[in-house]
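Okay, so here's the structure we're looking at.
The values are calculated or read from the model by the stated rules, or taken from the named source; none is laboratory data. If you're wondering where the values come from, they're calculated on a predicted model, not measured in any experiment. Cβ coordinates were reconstructed from backbone atoms using ideal geometry, including for glycine residues, and neighbour counts include every protein chain displayed. Note: areas computed on protein heavy atoms with side chains; ligands, DNA, RNA excluded. Shrake-Rupley method; radii C 1.70, N 1.55, O 1.52, S 1.80 Å.
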Amino acid sequence: MELQKTNLITQCPNTWCPGCGNFGILAAFKQAIEKMISQGTKREDIVVVGDIGCNSKIADYLNLNSFIGLHGRPVTTAEGVKLANPNLKVFVFTGDGGSLNEGLDHLIHAAKRNSNIKVIMHNNRLFALTTGQFTAVSPKGMKGRSTPQGTIEEPFSPLELMVASNASFIARSYSAKMEHMANVFLEADKHNGFAFIEILQPCVSFFNPIQFYNERIYEAENKAIESEEETLKLAREWNYSESGKIPLGIFYKKERPVFEESARELIGKNIEIEKCLEAHY
Ligand SMILES: Cc1ncc(C[n+]2csc(CCOP(=O)(O)OP(=O)(O)O)c2C)c(N)n1
Ligand code: SF4
């Protein structure tokens, strides 16, 4: 990928653990942003909305407009940003804890209403910043601060959940695959509607399945576009357990009405109605 020189670096000292998968995600996102800027996107039209967690420190390391709010609430904030100014390209960074535990309802509703925001979920399969509690996608038996004898719960599949929530773009990538991630980010940017991107990411300090992922991850063909059935088949190849091949790729993409566009049409109509009422009374 040919890049234009854009200074995306900030003066913030990086506090991620050496070897963390977040570094790869940051580098791939920068690559995608540089490509977008080289193709005409204005840097000031890009907004990063962060959650709370290791993942969201990414906002501190990017010289872009950004907002970090409450834990589990970045999706609602991002929807507000997009609704207020539809010209902005809004990227949400969140963790599996923030989006599948605290903020799960927001994620489902943003997918359902097809809000034109791009949600990038760093899936390290635990609450990392608070030192390793289990989340909705931790593997059964995972030992951590809150589960010293191993969690007794089975994980659920966020990709299947996104199919059921009518998300219009669903993808999975891996923090060690820079080019793959950058391309998925660029495709999500081109998609007019909600995008959910799961990035599998090792947390070298509290849950480090690097070898497991390297042995099982493969790049699937992006053939599932517009087919819920095919997407579910791909998503079900791996059930977040300790076995199975793990497909990466854009599993699903479909055009459908976008929330902010429909809402703005309605606001326009209401203004007309107000004018009529003013004229009448
Ligand atoms: C509502 C709320 N609940 C809990 C916390 C404490 N907390 C801060 S960061 C964090 C862990 C974040 O985990 P995750 O979202 O998976 O991101 P990661 O750190 O793994 O990137 C938690 C539980 C909080 N700040 N606010
Ligand atoms: S605790 Fe885990 S996720 Fe957080 S910076 Fe360290 S390695 Fe990365």
Among 18, 181, 32, flag the residue with its Cα farthest along the positive direction of the charge dipole of the chain, charges on Cβ as +1 for Lys/Arg and -1 for Asp/Glu.
18
Highest mean packing first, using Cβ neighbours within 10 angstrom, the peptides 151-162, 91-102 sort as 91-102, 151-162
Quick check for you: which residues of region 164-180 have the amide N under 14 Å from the point 7 Å beyond the Cα of residue 14 toward its beta carbon?
176
Here the relative contact order (percent) of the chain, from C-alpha pairs under 8 Å and at least 6 apart, is 17 percent
With a 1.4 Å probe and all protein chains left in place, how much of the accessible area of region 22-280 comes from carbon and sulfur atoms, in whole percent?
52 percent
Have a look at 168, 241, 56 and tell me which one the Gaussian network model of the chain (Cα, springs below 10 Å) gives the largest fluctuation.
241
Using r as the Cβ-Cβ distance of residue 70 and residue 275, and R0 as 35 Å, what FRET efficiency do you calculate, to the nearest 0.05?
0.35
Quick calc: nm separation of the 7 Å Cα→Cβ label points for residue 27 and residue 146 -> 3.2 nm
Once the piece of chain linking residue 41 and residue 85 is laid out straight, how much longer is it, given 0.36 nm per residue of separation minus the C-alpha distance between them?
14.3 nm
Calculated from backbone phi, Karplus (6.51, -1.76, 1.60) coupling profile of region 179-194 in Hz, x at Gly/Pro
5, 4, 4, 4, 5, 5, 4, 5, 5, 5, 4, 6, 6, 8, x, 5
Region 38-178: radius of gyration over Cα atoms, expressed as a fraction of 2.2 N^0.38 Å:
1.08
State log₁₀ I(q)/I(0) for region 22-280 at q = 0.09, 0.16 Å⁻¹ as given by the Debye formula over alpha-carbon point scatterers of equal weight, solvent excluded.
-0.39, -1.19
Compute the helix-to-body angle for 22-38: its Cα long axis versus the longest principal axis of the chain, expressed 0 to 90° and rounded to tens.
30 degrees
When ligands, DNA and RNA are left out and all protein chains stay put, how many square angstrom of accessible area per residue does the chain have with a 1.4 Å probe?
46 Å²
Could you compute the FRET efficiency for residue 6 and residue 176, with r as their C-beta to C-beta distance and R0 at 30 Å, rounded to 0.05?
0.80
